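Notes follow once the structure below has been shown.
The values are calculated or read from the model by the stated rules, or taken from the named source; none is laboratory data. Computed from a prediction, not measured in an experiment: that's the story for all the values here. Cβ: placed from backbone, ideal geometry, glycine included. Neighbour counts: every protein chain shown. Surface areas here come from the heavy atoms of the whole protein model, side chains and all, with no ligands, DNA or RNA. Shrake-Rupley method; radii C 1.70, N 1.55, O 1.52, S 1.80 Å.
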Amino acid sequence: LFLNLIKMIIVPLVLSSLVVGAASTGDVGKLGRIGIKTLAYYLLTTAFAVTLGLILGNILDPGLGMTLPHDAKVEVSKAPSIVETLLGIVPTNPVKAMVDANMLQIIVFAIFIGIAITFVGEKGKPVLNFFDSLAEISYKIVAIIMEYAPIGVFALIVPVVAANGPAVLLPLLKVIITVYLGCALHAGLVYSTLVWLFARMSPIKFFKGAAPAMVMAFTTSSSSATLPVSMESSEKNLGVSKSICSFVLPLGATINMDGTALYQGVCALFVAQVFGIDLT
């Protein structure tokens, strides 16, 4: 029920906040500069994360010593081409994108609306006011849902521990330790350095402010479900302006998954080691 409530508000929250974020800069050139910096930052941190995952996977060898049934086979799925990926992020039907909760397509549609509002000027104000009101309503709904976060988070953790227990977790302990160690190093080294370097903020203050979002991410394993909490934490605890939060965070929840990138790096080596595939 708790997760459903969060998921219920994600689409209106992302759509409205991105439209407001893109339009509230009032200058397409400024928006472009923010966008370029944001994408560069996301690519950089993702590259750091996956590299760290590969380094730890090579050092700790999480797949060594594990055995699989003899009939186990490797099935390699083909990655989509760059052209297919680019075509896939532009919606042919924005309403369908919202129904399917396709975040990348929603983001593209919202940014186009925000840019168009900026170009139109005074005539676009009523539409901007509508999305601004929708964003504020979405934030309030999130605040109401978050009142029940302690109960929801508790209820999310209990069945996972009860269903899996040590029998499932122990054989994968090395992988779990490798991933958690990588996440801790990435947060402690990469994030701390970048926060101090660019924001001139104490890493301790940053982690204290970001703690509610980090706990939510840990328990839900979902960037999208964590987005409302990330926005609230950034604005209230870390002093980030609403226009920046509205533009940068919905984008980050979709394309800047450092934990997932690190996990992919570790798992690529783990699977190769389990199957006895020698990687050059």
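Observations
- Both radii come from the Cα set of the range 79-174: Rg as radius of gyration, Rh as Kirkwood radius; their ratio Rg/Rh reads 1.18.
- Signed unit charges on C-beta, dipole axis of the chain, positive-most listed residue 44, 98, 196: 196
- Longest site-free stretch - the chain; sites: GluC sites (Glu not before Pro), DSSP loop, at most 14 other Cβ within 10 Å: 148-280
- Look at the dipole of the chain built from charges on Cβ: of 265, 245, 255, the Cα furthest out on the positive end belongs to 245.
- Shape class for the range 126-192: oblate, because the ratio a/c of the largest to smallest gyration tensor axis (alpha-carbon atoms, square roots of eigenvalues) is 1.5 or more and b/c is at least a/b.
- The range 173-189 - phi-based ³J(HN,Hα) in whole Hz, Karplus 6.51/-1.76/1.60, Gly and Pro as x: 4, 5, 5, 4, 4, 4, 5, 5, 4, x, 5, 5, 5, 4, 5, x, 9
- Summarising the amide proton neighbourhood of residue 201: residues at separation of 5 or more, or on other chains, whose placed amide H is nearer than 5 Å comprise 196.
- Straight-line cross-link partners of residue 208 among the lysines, defined as a Cα under 20 Å from its Cα and at least 8 positions apart when in the same chain: 236, 242.
- Nearest-ten-degree value, helix 125-146 long axis tilted from longest Cα axis of the chain: 40 degrees
- Spatial separation of Cα centroids for the range 187-260 and the range 143-177, in angstrom: 21 Å
- Computed [θ] at 222 nm, helices only, for the chain once each DSSP H run of length n ≥ 4 contributes -39500 (n - 2.57): -24500 deg cm²/dmol
- For the range 108-118, 3J(HN,Hα) computed residue by residue from phi via the Karplus equation (6.51, -1.76, 1.60; θ = phi - 60°) reads 4, 4, 5, 5, 4, 4, x, 5, 5, 4, 4 Hz, glycine and proline entered as x.
- The range 1-140: C-alpha gyration tensor shape, a/c 1.5 cut-off, then a/b vs b/c: prolate
- About its Cα centre, the range 1-148 has a charge dipole of approximately 360 debye under the convention of +1 per Lys or Arg Cβ and -1 per Asp or Glu Cβ, with nothing else charged.
- Which labelled figure in (1) 46, 24, 13; (2) 50, 23, 21; (3) 36, 22, 20 is semi-axes √(5λ) of the Cα gyration tensor in Å, once derived from the coordinates: (3)
- Percent accessible area from carbon and sulfur atoms, the chain, protein chains only, probe 1.4 Å: 70 percent
- Loop-located trypsin sites (Lys or Arg not before Pro) in the range 72-144 whose Cβ has at most 13 other Cβ within 10 Å (DSSP): 73, 78
- Filter on 30/205; 30/123; 7/73 - keep pairs with C-alpha separation over 26 Å: 30/205; 7/73
- Residue-by-residue Karplus 3J(HN,Hα) for the range 264-272, coefficients 6.51, -1.76, 1.60, Hz, glycine and proline x: 5, x, 5, 5, 4, 6, 4, 5, 4
- Size of charge dipole - the chain - debye, nearest 20, with Cβ of Lys, Arg +1 and Asp, Glu -1, no other charges: 580 debye
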